[in-house]
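Engineer: My questions all concern the structure below.
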Amino acid sequence: MKEVSLSGIKVVDVHAHPFAASKEMETPVSFLRKLSLSVIPEMFSSIEGLQKHQPYPGSNMWIQLLLRTMSNYYGCEEDLKSIVEIRNRKAEDYSAYSKELFEDVNLVGAIMDFGYPQPPLDRKEFEKLCGAQVWEISRIEPIMTSIGKQNLSFDNFVEKYRNQLEEDLRKEEVVGLKTIIAYRSGLEVQEMNKVDAEKAYQEFLLNDRSPAKAFRDYCFHIAMEACTKADKFMHIHTGIGDGEVVMTKASPSFLLDTLRKEKYKSTKVHLVHGGYPWMEEAAFIVSILPNVYMDISLQNPFTGHGVERIISQVLELAPFDKVMYGSDAFTVPEMNWMGVKLFIECFERVLSGWVEKDYMSAEKARYIGEMILYKNFEQAYQIKL
């Protein structure tokens, strides 16, 4: 059998978050915490007193795979203390270390959500830090919060909010807007209703993290309209995230009625995280709506060995040209690095399996790999690397 290799293909990560150069050395526990989606500090508290071969309490397959891959990369024992010690030495020059990791996996570009961490990092400074080309999405919730603190009337809020979105979208480096409405009131977005939105606005002014559903739905529609007008992408968080997500309303299927409305027929939409664990629903949506795309991020790399299964499931239905690579990396450069390594390793197995079954040639399989790793980004976002 001719195995498919994706070696040498450049990579664009279409969803990640910037990280700052750490001025402090990591401890084994602090490093574990930075690798976890958990926001509970007690998830990792101590690594003392473990038996030989015992996994670190709170760790999972994603962390296991990263530590093993790092030990192989460093040429050291698969021991957390040894790994962190070498990592700290290399990270004394944080920029050089970040560039080394990005270059090792040919990660040449990324769309970054600068809405996390807060206060936002500077895009140009982050480009210098990692050495990759970086584009930005403007997250609408921090804009809503900032304007809300001015205690304006509802009409004045809407005017300022709309103007700010349009101003951000005029920037060349901004490729779209993003919403995390799934964390606040869920993805079952209702029609615009000014009377209800104005009432919910008062709830938002008292607590900017409250559901305030009618108000958030109203702001969502304004953002969709702004993206339509600017011919740029609306990024929508779908599926799981951290513990605050409204799980019962996080499936991308809740968006279908909104996305197929006539007024959004030409709106470019990017389903962030591909709806995981409802990725088949996201795959169906992108298969029937011509301007809707999805990425495989968060599920890659945080499901570990599950990435292979997920790639296969997504591509059961999603068109090859509607899926893009992502990571949702958010704290340390090792996340960006491992995201690419794990995805390519799993994707090569999926593609090689298709070739072995005579579903396609090895040449076509590699081309599909190129599409998902960077060509689809170039085509959808009209950006030539």
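The values are calculated or read from the model by the stated rules, or taken from the named source; none is laboratory data. Source: prediction; values computed, not measured. Neighbour counts run over all protein chains shown; Cβ positions are idealised from the backbone, glycine included. These area figures cover heavy atoms from the full protein model, side chains too; ligands, DNA and RNA do not enter into them. Shrake-Rupley method; radii C 1.70, N 1.55, O 1.52, S 1.80 Å.
Engineer: In Å and on Cα atoms, what radius of gyration and Dmax does region 336-377 show?
Structural biologist: 10.8, 33
Engineer: While we're looking at this one, here's another question. Over the chain, what percent of the accessible surface lies on carbon and sulfur atoms, probe 1.4 Å? Provide the component values of the computation, followed by the final result.
Structural biologist: Details: 8280 of 17090 Å².
For the chain, the apolar C and S fraction of the accessible surface comes to 48 percent.
Engineer: Work out the count of Lys pairs in region 1-143 where the Cα-Cα distance is under 25 Å, with the pair 8 or more places apart or on different chains.
Structural biologist: 25
Engineer: Within a Cβ distance under 11 Å of Phe215, other residues only, what is the Lys/Arg minus Asp/Glu net charge?
Structural biologist: Result for the neighbourhood of Phe215: 0.
Engineer: Could you pull out every residue, at least 5 positions away or on a different chain, whose amide H is within less than 5 Å of the one on Ile111? Hs are placed 1.01 Å off N in the peptide plane, and Pro or chain starts have none.
Structural biologist: Those qualifying (amide H under 5 Å, at least 5 residues apart or on another chain) are Asp13, Val14, His15, Ala16, Trp135.
Engineer: Mind sorting out which of (1) 21.1, 67; (2) 20.5, 59; (3) 23.0, 71 is the real Rg and Dmax of the Cα atoms in Å computed from the coordinates?
Structural biologist: For Rg and Dmax of the Cα atoms in Å, the calculated option is (1).
Engineer: What is the extension gain from Lys194 to Asn106, computed as 0.36 nm multiplied by their sequence separation minus the C-alpha to C-alpha distance, in nm to one decimal?
Structural biologist: 26.9 nm
Engineer: State the Kirkwood hydrodynamic radius of region 239-385 in Å, one decimal place, computed from all pairs of distinct Cα atoms.
Structural biologist: Answer for region 239-385: a Kirkwood hydrodynamic radius of 15.8 Å.
Engineer: In degrees, nearest 10, range 0 to 90: what is the angle between the Cα axis of helix 80-90 and the longest Cα principal axis of the chain?
Structural biologist: 80
Engineer: Now for a separate question. To the nearest 10 degrees, how steeply does helix 213-230 sit against the main Cα axis of the chain, on a 0 to 90 scale?
Structural biologist: 80
Engineer: Under the rule a/c < 1.5 gives rounded, and otherwise a/b versus b/c splits prolate from oblate, where does region 1-65 land using the Cα gyration tensor?
Structural biologist: Details: a/c = 2.62, a/b = 1.48, b/c = 1.77.
Cα axes put region 1-65 in the oblate bin.
Engineer: Sticking with this structure for a sec: Excluding Gly274 itself, calculate the net charge of residues whose Cβ lies under 10 Å from the Cβ of Gly274, where each Lys or Arg counts +1 and each Asp or Glu counts -1.
Structural biologist: Cβ neighbours under 10 Å give a net charge of -3.
Engineer: Per residue, how much accessible area does region 49-144 show when a 1.4 Å probe rolls over the protein heavy atoms, in square angstrom?
Structural biologist: Using a 1.4 Å probe on heavy atoms only, each residue of region 49-144 averages 50 Å².
Engineer: Convert each backbone phi in region 231-236 into a coupling constant with the Karplus relation 6.51 cos²θ - 1.76 cosθ + 1.60 (shift: θ = phi - 60°), then list the ³J(HN,Hα) values in order as whole Hz, x for Gly and Pro.
Structural biologist: Along region 231-236, the couplings run 6, 10, 7, 9, 8, 10 Hz.
Engineer: Using the heavy atoms of the protein chains alone and a 1.4 angstrom probe, what is the accessible area of region 164-310 per residue in square angstrom?
Structural biologist: On the way: 5740 Å² over 147 residues.
For region 164-310, the per-residue accessible area is 39 Å².
Engineer: HN-Hα J couplings of region 247-260 from phi, Karplus 6.51/-1.76/1.60, θ = phi - 60°, integer Hz, Gly and Pro as x?
Structural biologist: With coefficients 6.51, -1.76 and 1.60, one gets 4, 6, 10, 9, 5, x, 4, 5, 8, 4, 4, 5, 5, 9 Hz.
Engineer: May I pose another question? Based on the mean of other beta carbon atoms within 10 Å per residue, what is the order of 335-343, 84-92, most packed first?
Structural biologist: On the way: 335-343: 24.3, 84-92: 15.7.
Top to bottom by mean Cβ count within 10 Å: 335-343, 84-92.
Engineer: Which of rounded, prolate or oblate describes region 73-183 when judged by the alpha-carbon gyration tensor and an a/c cut-off of 1.5? All intermediate terms of the calculation are to be shown ahead of the outcome.
Structural biologist: Working: a/c = 3.46, a/b = 2.36, b/c = 1.47.
Prolate is the answer for region 73-183, as a/c is 1.5 or above and a/b outweighs b/c.
Engineer: Around Ser38, what is the net charge, scoring Lys/Arg as +1 and Asp/Glu as -1 over all other residues with Cβ under 13 Å from its Cβ?
Structural biologist: On the way: positive: Arg33, Lys34; negative: Glu42, Asp242, Glu244.
Every neighbour counted, the sum reads -1.
Engineer: Now a separate question. What is the packing order of peptides 51-57, 95-101, 130-136, taking the mean over residues of other C-beta atoms within 10 Å and listing the highest first?
Structural biologist: 130-136, 95-101, 51-57
Engineer: Here's something else I'd like to know. Roughly what angle does helix 61-74 make with the longest principal axis of the chain, taking Cα atoms, 0 to 90 degrees, to the nearest 10?
Structural biologist: So the helix axis and the longest Cα principal axis differ by about 50 degrees.
Engineer: Would you please give the residues with an amide H less than 5 Å from that of Leu298, counting only those at least 5 places away or on a separate chain, with H modeled from the backbone geometry?
Structural biologist: Amide H neighbours of Leu298: Ser327, Asp328.
Engineer: Now, a different point. Give me the one-decimal nm value for the distance between modelled label points at Lys229 and Ile9, 7 Å along each residue's Cα-to-Cβ direction.
Structural biologist: With each label placed 7 Å out from Cα toward Cβ, I get 3.9 nm.
Engineer: Roughly how many whole Å is it from the C-alpha centroid of region 261-328 to that of region 157-199?
Structural biologist: Between the Cα centres of region 261-328 and region 157-199 lies a distance of 22 Å.
Engineer: If you don't mind, another one. What number, rounded to the nearest 500 deg cm²/dmol, is the helix-based mean residue ellipticity at 222 nm of the chain, given -39500 (n - 2.57) per DSSP H run of at least four residues and division by all its residues?
Structural biologist: The per-residue figure over the chain is -13500 deg cm²/dmol.
Engineer: Oh, and also: Separation between the Cys76 and Met247 pseudo-spin-labels, each 7 Å from Cα along Cα→Cβ, expressed in nm?
Structural biologist: Placing both labels 7 Å along Cα→Cβ, they lie 3.7 nm apart.
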